[in-house]
Every structure is written in C-alpha cells, then in structure tokens.
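Here is the structure we will look at, set down as structure tokens.
Just so you know, all these numbers are worked out from the coordinates, no wet-lab data involved. Just so you know, these numbers come straight off a predicted model, no measurement behind them. Virtual Cβ from ideal backbone geometry, glycine too; neighbours counted across all protein chains shown.
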Amino acid sequence: MDADVAILGTGTMGSMAAWRLAKRGVSVLGFDQFAPGHDQSGAGGESRIFRTAYKEGAKYVPLLLRARELWRELEAETGIPLLTLNGGLMMGRDTTPGMVNVLATAESFNLDHEILTPRQVADRYPVHRLDPGEIAILDKAAGFLKPELAVLTAAAQAERLGARLMRYTKIRDIEPDANGVTLHSDNASWRVGKLLVTAGAWTRNLLVNSADDHKVVRIVLAWYVPKRPELFSPEAFPIFIREKDEIDFCGWPMVNGTSVKIGRNGSHGIVADADLLDRSVDASWMVRWRRMIERYLPDLHPHPVRIGAYMDGWTASGDPFIGPQPELPNTFSMYGFSGHGFKMAPALGEVAADLVTGAKSNFDLSPFAIAKSRYTSSVPRQIFVP
Ligand SMILES: Cc1cc2nc3c(=O)[nH]c(=O)nc-3n(C[C@H](O)[C@H](O)[C@H](O)COP(=O)(O)OP(=O)(O)OC[C@H]3O[C@@H](n4cnc5c(N)ncnc54)[C@H](O)[C@@H]3O)c2cc1C
C-alpha cells in the first residue's frame, strides 16, 4: 500500500481534506494535474465571498460556522491571514427567495446582522443605489477569502504534517476493488486503501453520472477601477450580493490595491469538457456589463481593466454531492459545489476526513447524498508533459 488514503485533486476541497487527514495522522497521497494554488480551476480569480446568513438555505449554516472556526485554525497554524470579515450586504426586495433565506437563517441561527433601509444604505455605503422597495441585510460575519493562497497554504500545512502531494501528475484511470483502489497516471501506478475524488470540474472525466445533473459551468469575472478608491477599501465596502429581477450580481472590495471585482451570479455557459474551457471573453460581454456598472455602481469606471473566465462543477439543485461513490468500493467523492463551495472548504475537508476514515460526521449530509452513478474507464490515455 502506498498510503491509507489517496486524494485525487488537491484543489479547494482536496487540499483541505489533506490537511484535516494529515492532522489525524492518516497517511495521505494527494495528486494534482497542476500544483495546489493554481488558478485554472474552481479556486481561480483572487477572492471568494464568505458569508453565514445563507441564501442557499439553513442546511449549510452549521458547515459555514464550522468553516469559520477552521479558517481561523489554519491561519493560526501557519501564520498566514486568509479570511477578512469586513461584513456582507445582501440587497434586494425582502420577498425574493434568496433574501427570505438570508433573513430566516440570520434569525434562526442568531447570526449577528442588521436590516438597513435605503436611507441607511445611502448614508453608510454611498456607492450603492437601492431602488424603492429594496432593503439590505448586513451580515456582520461575512467577508472574503484569498482562494489561491488558501489552497496553497492548506496543502503546505498538510505536507508539514506528513502528507505526500504529487504535483503535475494527472490521474488517468482508477480501479477500485474490495480491498482498495489502484490509481494510474501515464507512467506510474499507486495502490491505496481509500480514494477521495475531489476533481472539481474534471469529475465527469473520471466518474460519469447516470443522471445529467452535474455539469461544468463557465463563470466570468471582471475587475473595475474605482473613481474614488477610498469608497471601495475593505473597511468601507463590504462584499455584496444584489438580487434583482433582471440582474443578479455580486462584488468584492479593492483587495488588490487597484480594482474592484464584480461577478454576475449563475452560469455563463456550459463547458463540454473541463480541459477545453474557453478562457477568452468576448467584448460584447463587457458592453452588457457596462450598463449594469453605470446604473448600480457609478463610482466605478465602467470599462474593466481585467476580465477572466473560470469554471465550477454545477448541479441542477445547486447542492453538491458528498459521500461514498455508488458502485465503486472504497471510493468517496465530493463535487458540484455550484459556485458557492469555497467558503465551506475546511469544514468539507473535515467531512471528507470523517467519510474516508469511517468516523461519524457532526453534520447532516443527507441533502448531499450522491446520485446513482456509474464508473467508466474510457478516459483516453495521453502523454502528459509537465
Ligand atoms: C469564478 C468563481 C467564483 C466563485 N465565487 C465563490 C465565492 O465567492 N464564494 C464561494 O464560497 N465559492 C465560490 N465559488 C465556488 C468555489 O470556488 C468552488 O465551488 C470550489 O473552488 C470548487 O472546489 P473543488 O475542490 O470542487 O474544485 P477545484 O478547486 O477546481 O479542485 C479540483 C482539483 O482537481 C484537480 N484535478 C482534476 N482532475 C484531475 C486528474 N485527473 N488528476 C489530477 N488532478 C486533477 C484540478 O487540477 C484541481 O486542482 C466560485 C467559483 C468560481 C469558478
């Protein structure tokens, strides 16, 4: 046996699982086709929103609260700041499903929050313009994470605790059996007791689901320079999500010293194969986004200085799949985080560590049970040159 547990994909979830497993003294062998901290997958794009009053529903809140503790634990172990809690504004009519959930979770979990009228928003956060009938909910335990640094930090900490991570090693095939799992790259094989698949957008290339409910979705982000930088510093400008009938968008403060990142929530196209993501962004996108910036954030220059296309695995419900992989002995997986998984990653690393070691989880994972899926070994083998 080469290790107790192999982790296939040491990106967001895999790096956190490696850290949590290594901390328990489990021998871990992790594989990534790139190196932990790369920006080619779910973790690319400089910043990620963290929030606890959750528009996606109450089932996530225990994971989010545990994640916050674990982000702090990772920071304390490594001395590297990763999570900034500068607050989060959820804006829209109080009748939209997202706003209803934000308010319900804030109240039922007693989360520190404030409801702001349009006048209060204008006084405190003058860059935002609420329309009549809209409110804002300030989630005081929201903020942002540095994703590439966080993945790299968790992976490095896992290695310090004894995990072995193989970089630039693409796994082409897996062979689970009653006694363990064999993994193959183009030129080597490894034998382990259990396998955790955390391959993100590439999961479909390794585990093909019977249902058509896990897709790879393209997400475009754009960075805009403020006309008045002082209004967009982390101290002045909380992360925000704005739900409107015709438009649904979000933003981060100026974390890089020059520009503010804006995203539009939801899918920007389906990607047939994660290896073939089109990273170019047509100028027509920016013409459409310009109207949004001019109307809702007029204190930004409306032409972006940086644009990028990224991707994530997406499910029809927006809920991930987490658990033992049906029909594949000794194989577990977690995927389909549908554009909102990063903030919970350390808690999910803990969940993964419980799953593969057979420990009881502290969380209700029933909403995330994996749909019946089948295994294919038809991934074409190619020569991979690092
Ligand atoms: C643009 C964008 C913005 C987002 N914003 C937020 C946000 O603000 N807040 C939030 O909470 N979430 C956000 N998300 C979602 C979150 O970032 C993702 O859900 C999360 O990063 C997915 O993690 P993962 O581990 O499933 O995938 P990844 O982090 O992509 O990790 C998968 C890893 O597997 C490796 N791999 C795949 N196949 C193989 C193979 N065959 N062999 C070896 N290695 C392999 C890859 O190289 C990669 O490193 C956003 C996502 C995107 C794309």
Q: Using only alpha carbon pairs under 8 Å that are at least six residues apart, calculate the relative contact order of segment 272-346 and give it in whole percent.
A: 24 percent
**Q.** Value of relative contact order over segment 1-158, rounded to a whole percent, pairs C-alpha under 8 Å and six or more apart
**A.** 33 percent
Q. Of Phe337, Phe109, Phe232, which has the largest mean-square fluctuation in a 10 Å C-alpha GNM of the chain?
A. Phe109
Q | Violating pairs (Cα-Cα greater than 28 angstrom) within the set Lys55/Lys170; Lys59/Lys140; Lys194/Lys215; Lys170/Lys194; Lys215/Lys360 | A | Lys55/Lys170; Lys215/Lys360
Q. Points 7 angstrom from Cα along the Cβ direction at Ser233 and Ser284: gap in nanometres?
A. 4.2 nm
Q) Against the longest principal axis of the chain, how steep is helix 97-108, in degrees 0 to 90 to the nearest 10, with axes from Cα atoms? A) 80 degrees
(Q) At 20 °C and a viscosity of 1.002 mPa s, what translational diffusion coefficient does Stokes-Einstein give for segment 207-273, taking Rh as the Kirkwood radius over Cα pairs? Give it in µm²/s as a whole number. (A) 152 µm²/s
Q. Of Asn205, Asn179, Asn101, which is the most mobile in a GNM of the chain whose springs link Cα atoms less than 10 angstrom apart?
A. Asn179
Q) To the nearest 0.05, what FRET efficiency results for Ala272 and Ala188 with a Förster distance of 35 Å applied to their C-beta separation? A) 0.75
(Q) If R₀ is 35 angstrom, what is the calculated FRET efficiency for the pair Ala359 and Arg160, using the beta carbon separation as r and rounding to 0.05? (A) 0.95
Q: List the residues of segment 300-331 whose backbone N lies under 17 Å from a point placed 7 Å from the Cα of Ala369 along the Cα-to-Cβ direction.
A: 317, 319-328
(Q) If the elastic network links every pair of Cα atoms under 10 Å, which of Met90, Met292, Met99 fluctuates the most in the Gaussian network model of the chain? (A) Met292
Q: Using the charge dipole of segment 1-81 (Lys, Arg: +1 at Cβ; Asp, Glu: -1 at Cβ; taken about the Cα centre), state which of His38, Leu65, Met16 has its Cα farthest towards the positive end.
A: Leu65
**Q.** Crossing angle, helix 345-357 versus the chain [Cα axis fit, 0-90 degrees, rounded to tens]
**A.** 20 degrees
Q.
Between helix 147-160 and the chain, what is the angle of the helix's C-alpha long axis to the longest principal axis, kept within 0 to 90° and rounded to the nearest 10?
A. 30 degrees
Q) Distance in nm between label sites at Asn110 and Arg167, each 7 Å beyond Cα in the beta-carbon direction? A) 4.6 nm
Q.
Between segment 55-132 and segment 170-192, how far is it from one alpha carbon centroid to the other, in angstrom?
A. 42 Å
